[in-house]
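Presented below is the structure to which this report refers.
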Amino acid sequence: MNVGFISLGCSKNLIDTEVAIGLFKDNNYKIVNNPEEADILVINTCGFIESAKEEAINTILEMAEYKKRRCKYLIVMGCLVQRYYDDLIKALPEVDLFIKIDEYNQLWNKIEDLIKRDIVEKSKIKTSTKISEIKPLPMPTYNEFMERVVTTGKNYAYLKIGEGCSNKCTYCAIPYIRGPFVSRKMEEILDEAEMLAKKGIKELIVIAQDTTKYGLDIYGESKLAELLEKLSKIKGIEWIRFLYSYPEGITDKLIEIVANNDKIAKYFDIPIQHISDPILKKMNRKTSKENIIKILEKIRNKIPNVTLRTSLIVGFPGETKENFEELLEFVKDTKFDKLGTFMYSKEEGTPAAKLPNQIHGNTKKARYNKIMEAQQEISKQILEEKIGKTYKILVEDISFDKKYLIGRTMQDVPEEDGLVYIKKDKNLNENKVLNNFVNCKIIDVSNYDLQERKILLGYSK
């Protein structure tokens, strides 16, 4: 039988999808990209914010149409299922099996059970009956997972070091969906990294909901710095980066490791969300304006060439004009290299959803535009400063018109940050440099490519 997969949401979700693909492959199922060819369709959903939930529902309904043709089974898993399990059973009878996150360690058993029972009792068992028999199970461990199939290409892979979140920010549903933060054992992570290196992976992207919390629950202290150092010793791994590090968890030891280890990207992704102390308090963030500024200054002092990325929320309940202006001035003064902004999404079941003084959608949009306009000017300046400098580039693709090789610097996260377009010439052997590293001098810059990512134009040296 042929199986097609759709993975929605974040990179943490993608890893779960890759594990599921591995399970099917190990059981002799063929993986296909075209849903027209699939006997089984599996959708891994996101349920984080309203737009993600809408995308998930629309995707499910779209894929359900294929059951009128070849598809026999539609399976839905992930955050949306964990959050709205009972509602989905009632609302989407087209789905043959819903699998919650805390059932992933029994994923294959449930799929097999669905298919076997359908063959034997197809006329007797309805979808809702099958689903209702699924009972909650403990949060899975990675020991119970079979080998994952990397879907991100030849060069990089995500490496999940923990599951869930214990921060309980008032706007966020993740703790209610995925539970408290649980660290993986270091030896398990290192084993997986070794496996990825043997597959030819050159770059590891270390992820968790809050990577700075790694180790606190099982070792009594943060072990992120130690983990990064051990990962850097794995043969074949050239680049390592870690994402989603909360400011209060960034230690001197972590900064030192990043500063002194050539394999670790000089890159900090620090989701501060806001800078106004009253808003930070309402968000239940475990930091303050003063502490955020101090940690950013410390990082820049210790690592002069560091890239700083952050994410912000505008339009949080009770955000006054003064609160927003404080945030805007902070953005202009700090000059983050990379910045993403979200308009506050009122998520049911979260404390923030019950707060008074909810902000009108038009106000949120206006504030979002002001932040992004300010960042546009900052990004332009930062890009122009790169002209004439030489960078080590990981070459990953060729442009549609075959005129350029496309790659990234160590300071660019795949699918999120900028790209480098390298002019092809007779002295550049594309077969040798594709999926390898090349030194490249930047000769020009442009704000956006077709995917709205910053781009640099250069030539190889």
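The values are calculated or read from the model by the stated rules, or taken from the named source; none is laboratory data. Everything quoted here is computed from the prediction, not taken from an experiment. Positions of Cβ are generated from backbone atoms using ideal geometry, with glycine treated the same way; all protein chains shown enter the neighbour counts.
Miscellaneous remarks
- Filter result for Y84 (closer than 24 Å to K30 by Cα and surrounded by 17 or more Cβ atoms within 10 Å (Cβ to Cβ)): no
- Filter result for Y448 (buried (at least 17 other Cβ atoms within 10 Å of the Cβ) and either modelled with pLDDT under 95 or not in a loop (DSSP other than H, G, I, E, B) (or both)): no
- I125 vs. criteria in a loop (DSSP other than H, G, I, E, B), modelled with pLDDT under 90, surrounded by 16 or more Cβ atoms within 10 Å (Cβ to Cβ) and of a type in the set (A, V, I, L, M): no
- Top-ranked residue of region 46-79 - restricted to ones that are part of a strand (DSSP E or B) and under 24 Å from E163 (Cβ atoms), ranked as nearest to the chain's Cα centre (by Cα): G78
- Test for I161: is it under 19 Å from L243 (Cα atoms) and in the same structural domain as S222 (by TED's automatic domain parsing): yes
- Pair list, Cβ under 8 Å, 6 or more apart: region 388-405 residue closer than 18 Å to D417 by Cα and outside the structural domain of E430 (by TED's automatic domain parsing), other residue loosely packed, with under 11 Cβ neighbours inside 10 Å and among the small types (G, A, S): none
- Selection status of K380, in contact (Cβ under 8 Å) with a residue 24 or more places away in the chain, closer than 27 Å to K424 by Cβ and in the same structural domain as E319 (by TED's automatic domain parsing): yes
- Selection from region 290-314 of residues that are free of Cβ contacts under 8 Å to residues at least 40 places away in the same chain, within 24 Å of T390 (Cβ to Cβ) and touching a helix residue (DSSP H, G or I) at 6+ places or on another chain (Cβ under 9 Å): none
- Residue that is farthest from G164 (Cα to Cα) [pool: residues in region 213-225 that are in contact (Cβ under 8 Å) with a residue 24 or more places away in the chain and out of contact with any strand residue (DSSP E or B) (no Cβ under 9 Å at 6 or more places or on another chain)]: A225
- Residues of region 60-74 satisfying the condition of being buried (at least 17 other Cβ atoms within 10 Å of the Cβ) and out of contact with any Asp or Glu (no Cβ under 8 Å at 6 or more places or on another chain): M63
- Filtered residue count, region 59-92, keeping only those that are of a type in the set (S, T, N, Q) and more than 21 Å from V3 (Cβ to Cβ): 1
- From the list L405, L457, the one residue that fits, being surrounded by 12 or more Cβ atoms within 10 Å (Cβ to Cβ), modelled with pLDDT under 90, in contact with a Phe, Trp or Tyr (Cβ under 8 Å, 6 or more places away or on another chain) and not in a helix (DSSP H, G or I), is L457.
- For region 297-342, a residue qualifies if it is over 16 Å from K370 (Cβ atoms) and of a type in the set (D, E), and the qualifying residues are E297, D337.
- Looking across region 423-435, the residues that are exposed (fewer than 15 other Cβ atoms within 10 Å of the Cβ) and either under 27 Å from the mean Cα position of the chain (by Cα) or not in a loop (DSSP other than H, G, I, E, B) (or both) come down to K423, E430, N431, K432.
- Cβ pairs under 6 Å, 6+ apart, first in region 183-202 and at positive phi, second in a loop (DSSP other than H, G, I, E, B): G200/K154
- Scope region 57-113; condition polar (S, T, N, Q) and over 20 Å from E18 (Cβ atoms); matching residues: N58
- Every condition in (1) within 19 Å of the chain's Cα centre (by Cα); (2) buried (at least 22 other Cβ atoms within 10 Å of the Cβ); (3) closer than 23 Å to A173 by Cβ holds for F5 except the one numbered (3).
- Helices (runs of 4 or more DSSP H) fully within region 155-272 counting 2 or more residues that are within 26 Å of I292 (Cα to Cα): 174-178, 216-219, 224-231, 252-260
- For region 293-328, a residue qualifies if it is over 21 Å from S245 (Cα atoms) and surrounded by 14 or more Cβ atoms within 10 Å (Cβ to Cβ), and the qualifying residues are G315, F316, P317, G318, E319, N323, F324, E326, L328.
- Residue check for I43: in a strand (DSSP E or B) and assigned by TED's automatic domain parsing to the domain that holds L88: yes
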